[in-house]
1. If you check Y47, Y71, which single one turns out to be modelled with pLDDT of 85 or more, outside any helix (DSSP H, G or I) and of a type outside the set (S, T, N, Q)?
2. List every residue pair whose Cβ atoms lie under 6 Å apart, where the two residues are 6 or more positions apart in sequence or sit on different chains, the first residue falls within the range 21-44 and is basic (K, R), and the second residue, located anywhere, is modelled with pLDDT under 90 and in a loop (DSSP other than H, G, I, E, B).
3. In the range 47-83, what residues are within 19 Å of G3 (Cα to Cα) and loosely packed, with under 12 Cβ neighbours inside 10 Å?
4. When the range 50-68 is examined, which residues are found to be part of a helix (DSSP H, G or I) and either within 10 Å of the chain's Cα centre (by Cα) or of a type outside the set (A, V, I, L, M, F, W, C) (or both)?
5. Just checking, does the range 25-43 include any residue being of a type in the set (S, T, Y) and at pLDDT 80 or above?
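The values are calculated or read from the model by the stated rules, or taken from the named source; none is laboratory data. Because the structure is a prediction, the values reported are computed rather than measured. Counting neighbours? That spans all protein chains shown, and the Cβs are built from the backbone with ideal geometry, glycine included.
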Amino acid sequence: MAGKVGKDSKVLEQFIQIYCDTKHTEAEKSDKDGSNLCIECNETLEYSKSRRELCPLDPKPVCKNCEIHCYKPDQRQKIKDIMRHSGMQLIKRGRLDMLFHYFF
């Protein structure tokens with residue numbers, strides 16, 4: 001992955017990691033592929049990365065402002081929950097640089 005797709009995937013991974021770290025116990029997690037995600041979060045990450053790679057729009061808008069939604073409805077709700085939760089955690093931690101990517 002290169003360029004914008006790679007950057008977006010990395011931000012997705014960081015948001016999902018924050019969500020998994022605060023919502024799921026260590027017992028649920030595996031160290032698969034060098035990440036410390038539970039199975040559910042790892043599946044969400046892989047799904048999200050594949051959807052981002054296949055996005056037909058160039059330049060790609062922020063998903064929440066997109067007119068065509070490439071996520072399945074249940075996955076779309078799940079990623080919304082992850083972004084909302086992780087965004088609040090980032091505000092609490094003072095990581096506004098990552099939030100800038102999320103909102104713009």
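1. Numbers: Y47 fails: outside any helix (DSSP H, G or I).
Only one candidate passes the filter, namely Y71.
2. Matching pairs, first to second residue: K29/N36.
3. Correct list: S50, L54, P56, L57, D58, P59, P61, V62.
4. Our first condition is that a residue be part of a helix (DSSP H, G or I); within the range 50-68, this holds for 50-53, 63-65.
The answer is S50, R51, R52, E53, K64, N65.
5. We begin by selecting, within the range 25-43, every residue of a type in the set (S, T, Y); these are 25, 30, 35.
The next check asks that each one be at pLDDT 80 or above; those that pass are none.
Looking for residues that are of a type in the set (S, T, Y) and at pLDDT 80 or above, one finds none in the range 25-43, hence no.
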